[in-house]
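Have a look at the structure below before the remarks.
The values are calculated or read from the model by the stated rules, or taken from the named source; none is laboratory data. Predicted model only: the values in this text are computed from it and were never measured. All Cβ positions, glycine included, derive from the backbone under ideal geometry; neighbour counts span all protein chains shown.
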There are 2 protein chains.
Amino acid sequence: MNKKIGIIGLGTVGEATLRSLYKYSSLIEKRTSLKVEVAKVCDARIQKRKFVSQFSIPFTTNPYDLINDPHIDIIVELIGGIKLAKNYVISALKKGKDVVTANKALLAESGKNIFSLAKKLKRSIGFEASVCGAIPLIRSISEGLVGCEVKKFYGILNGTANYILCKMHKERISFSSALREAQMKGFVEKRSQLDIEGIDTLHKLAILSYLCFGVWPSLSKVYVEGISKVSPLDVMYAEELSYRIKLLAIAKRRKSKLDLRVHPTLIPQDHPISQVSLAFNALWVEASPAGELLFYGEGAGGAPTSSSVISDIVSISFAKPRFVKEVLNIYLESINSLQSRYYIRFMALDKPGVLAKISKILASLNISIASVTQKERRKLRYVPIVMLTHEAKESSIRKALSKIDELSVIKGPSQFIRIEDL
Amino acid sequence: MNKKIGIIGLGTVGEATLRSLYKYSSLIEKRTSLKVEVAKVCDARIQKRKFVSQFSIPFTTNPYDLINDPHIDIIVELIGGIKLAKNYVISALKKGKDVVTANKALLAESGKNIFSLAKKLKRSIGFEASVCGAIPLIRSISEGLVGCEVKKFYGILNGTANYILCKMHKERISFSSALREAQMKGFVEKRSQLDIEGIDTLHKLAILSYLCFGVWPSLSKVYVEGISKVSPLDVMYAEELSYRIKLLAIAKRRKSKLDLRVHPTLIPQDHPISQVSLAFNALWVEASPAGELLFYGEGAGGAPTSSSVISDIVSISFAKPRFVKEVLNIYLESINSLQSRYYIRFMALDKPGVLAKISKILASLNISIASVTQKERRKLRYVPIVMLTHEAKESSIRKALSKIDELSVIKGPSQFIRIEDL
């Protein structure tokens, strides 16, 4: 069998896909009898023509040269961003083409419409590359767990944020130093805010929510908190208490309620996902009857991601990927109704009676304390007091902290980080 | 779409599959529009009729009642063992049915013939449940990595062996105490020799070799060593040297040479697969362009394995699974040509000159020592001397150890365990 594809976008992933196809297409043909032919390649930057010429493939700067080409079966969209990409994907579907995309932002924002259009037109969308780079997560969940109910998952879905937190743990440096180091090493993309503020993780969480629960969440309703406020002090205390701080995408389903969140989280340091280091990604899934599963691998980068793009091209060539149907009777829980354990750090004047004042406010809001740590002693100066709470309401914690921050003995804002005891 | 299946074998996995289908078939139908109907169930044990009756499904003790039933589309073989299972699978294929099986022993022994028969008859075989229980490994490799060249993999593929080694690590107990504990907890099956002696791991290695390299290895040519000779002393020294001992399935491809082995291995304790605990399974894969991947989950047990059986039933109902074509120009390397680092433990008389004698023999065979540890000192008694070597030839190590064991100051046989620095 022959399939002709057109690639739009020659960034890191686009170039790597072209290289990988060039190198491995005969292997793919030997394995599957499928001959993948790159019929045309497009990039807005004319200077990319030179790169493409080494593969003797026609180049254009106009994506519609590919979308309107009746000989092309599959459009591979790798430009990123939302507006243009959406136009191209929708036009391609309407022209009767299947689509492969690595565009998590596009799917998180418009996946619902795009998938329903594809279904109407009987076309397929491959999006393995949109979550966790090289990890075959989309097919593992949608096909491997087709007979399972996902109870919860925890994901480390952004390599940049994980790299920064790992550096902070290992080298005891501040967030901004770790960020600078990541930038120098080229781990941080232009729009690093998306990584650091948890938006990229949110996009991937939305796609996984669709796969696991059939729900495209409204992005604005999902609680998202980035890592910029995590301090070296928190990292150190977490470690002392046998935890690690990771930026997690969290999903928990309880009957018809779905709890989706993105935030820095204390997790036990002997749990496998605590060990996920540097720019790697991982997803921990608990499903019935499958039990606990962990998927781990390179979450970004041209070559790894090209592996997923290519697996989609092959799958789509043989059969239409099936996707979960939307389940409508599930409601997103608001962060205020969350019940969780918390790590809290106050900067408090080191003088008698301070702990009593804090404890009184916490008790008045029904927050019970599991442990207190105060290591430094510097009379009449501000020193950290760290507490781990038992399970408490998020709304109570927020109320308590704002009251405590009003005390004259406290230098606010006090820090709080949610704990998951996995 | 409707599919009728027949299940042969109501052991742990068979019963769990029936239960899972009963519980989740409406979920599967909602997701995929596929209605899976269990048309008939077979077990040689007549007393299983009672279990089946709660599902209102016809029961028989004769598998040919299912195989010859023209209304059944898919035969699910879950009896285990080789001879009978092979007859049923082959008869089912010849009757035009697709087959789903969890039978690793059968595939390792006869996979080559069974897959070629299936290909000839244009039938499919689903075998996701044959390796690593609930982990969607077969589809991740055959489809997710369809465009990749696997360079190497390391697998913890047998939960029983891993459970025993973990217990030995954590509780500092002997192999036989750990085995007894595993037996009491029901982790060890009747034929526990298959687990402990690495045969079950070999079977799974053979299937993974087919998936990753297109090669069904001749089982007798693969080096297999079980865990019964691992002593608490070795476990302790390994830990002190920052290693863990795991029973690994190892595969490394170097051009046309394939190195396949099963043996206890020292691996660095901070590597993610060192953290695989108790009865869990894991596979670490290095592939190009995908990079490093880790799959982790429950490797056995009825409910987890039923998840994979069911995913195969669904996949086969929609499309024929594709499998790698055989690659014929790959040669298995013999264990004697292995180059590896080694952990060696001698029991030597604690008197002057012993180390000199040992070192001389090692040097004469070009084995160079990376570190030596001798902690105990008990004059004129046997005490352990532990060495880690630099890379050396397996044949040289064996020769050296047999020479050293002839020394009057040594109480043989000396222990050696291969090291993989992952």
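Results, tabulated for the structure shown:
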item: Residue tally, condition within 20 Å of the chain's Cα centre (by Cα), assigned to a loop (DSSP other than H, G, I, E, B) and more than 12 Å from chain B (Cβ to nearest Cβ), over segment A:118-171; result: 4
item: Hits in segment A:1-59 (condition: aliphatic (A, V, I, L, M), touching a residue at least 60 places away in the same chain (Cβ under 8 Å), within 14 Å of chain B (Cβ to nearest Cβ) and under 20 Å from A:P70 (Cα atoms)); result: A:M1, A:I5, A:L34, A:V36
item: Residues of segment A:70-79 satisfying the condition of being buried (at least 18 other Cβ atoms within 10 Å of the Cβ) and either in contact with a Leu (Cβ under 8 Å, 6 or more places away or on another chain) or within 20 Å of A:K122 (Cβ to Cβ) (or both); result: A:I72, A:D73, A:I74, A:I75, A:V76, A:E77, A:L78
item: First in segment B:265-286 and free of Cβ contacts under 8 Å to residues at least 40 places away in the same chain, second anywhere and among the polar types (S, T, N, Q) and assigned to a helix (DSSP H, G or I), Cβ under 7 Å, 6 or more apart; result: B:P272/A:Q275; B:Q275/A:Q275
item: Residues that are surrounded by fewer than 20 Cβ atoms within 10 Å (Cβ to Cβ) and of a type outside the set (S, T, Y), drawn from segment B:398-414; result: B:R398, B:K399, B:K403, B:D405, B:E406, B:L407, B:V409, B:K411, B:G412, B:P413
item: Number of the exception - B:V262 against (1) touching a Leu at 6+ places or on another chain (Cβ under 7 Å); (2) at pLDDT below 90; result: (2)
item: Matching option when the condition is polar (S, T, N, Q), in contact with a strand residue (DSSP E or B) (Cβ under 6 Å, 6 or more places away or on another chain) and more than 14 Å from every other protein chain (Cβ to nearest Cβ), among A:S288, A:S334, A:S317, A:S340; result: A:S340
item: Any hit, segment A:94-107, residues being touching a Leu at 6+ places or on another chain (Cβ under 9 Å), crowded, with 19+ Cβ neighbours inside 10 Å, among the polar types (S, T, N, Q) and within 14 Å of chain B (Cβ to nearest Cβ); result: no
item: Condition met for B:D312 (acidic (D, E), more than 7 Å from chain A (Cβ to nearest Cβ) and within 30 Å of A:K30 (Cα to Cα)); result: yes
item: Scan of segment A:208-241 for residues that are of a type in the set (A, V, I, L, M) and out of contact with any strand residue (DSSP E or B) (no Cβ under 8 Å at 6 or more places or on another chain), ordered by number; result: A:L211, A:L219, A:M236
item: Segments classed as strands (runs of 3 or more DSSP E), wholly inside segment A:305-397, with at least 1 members that are surrounded by 18 or more Cβ atoms within 10 Å (Cβ to Cβ); result: A:339-349, A:382-389
item: In segment A:347-357, the residues that are aliphatic (A, V, I, L, M) and more than 36 Å from the chain's Cα centre (by Cα); result: A:L349, A:V354, A:L355, A:A356
item: Options B:E181, B:E171, B:E197, B:E225: the member that is closer than 22 Å to B:D421 by Cα and charged (D, E, K, R); result: B:E225
item: Test result for B:V276, farther than 22 Å from B:N103 by Cα, in the same structural domain as B:A178 (by TED's automatic domain parsing) and under 18 Å from the mean Cα position of the chain (by Cα); result: yes
item: Residue among B:S110, B:S25, B:S33, B:S91 that is more than 31 Å from the chain's Cα centre (by Cα), surrounded by fewer than 22 Cβ atoms within 10 Å (Cβ to Cβ) and either farther than 20 Å from B:S130 by Cβ or at pLDDT 95 or above (or both); result: B:S33
item: Wholly enclosed helices (runs of 4 or more DSSP H) of segment A:174-222 bearing at least 1 residues at pLDDT below 85; result: A:175-184, A:192-196
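Every residue, every condition in (1) touching a Pro at 6+ places or on another chain (Cβ under 7 Å); (2) basic (K, R); (3) modelled with pLDDT of 95 or more, yes or no:
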site	(1), (2), (3)
A:S315	yes, no, no
A:R322	no, yes, no
A:R345	yes, yes, yes
A:K351	no, yes, no
A:L362	no, no, yes
A:R377	no, yes, no
A:R381	no, yes, no
A:K403	no, yes, yes
A:F416	no, no, yes
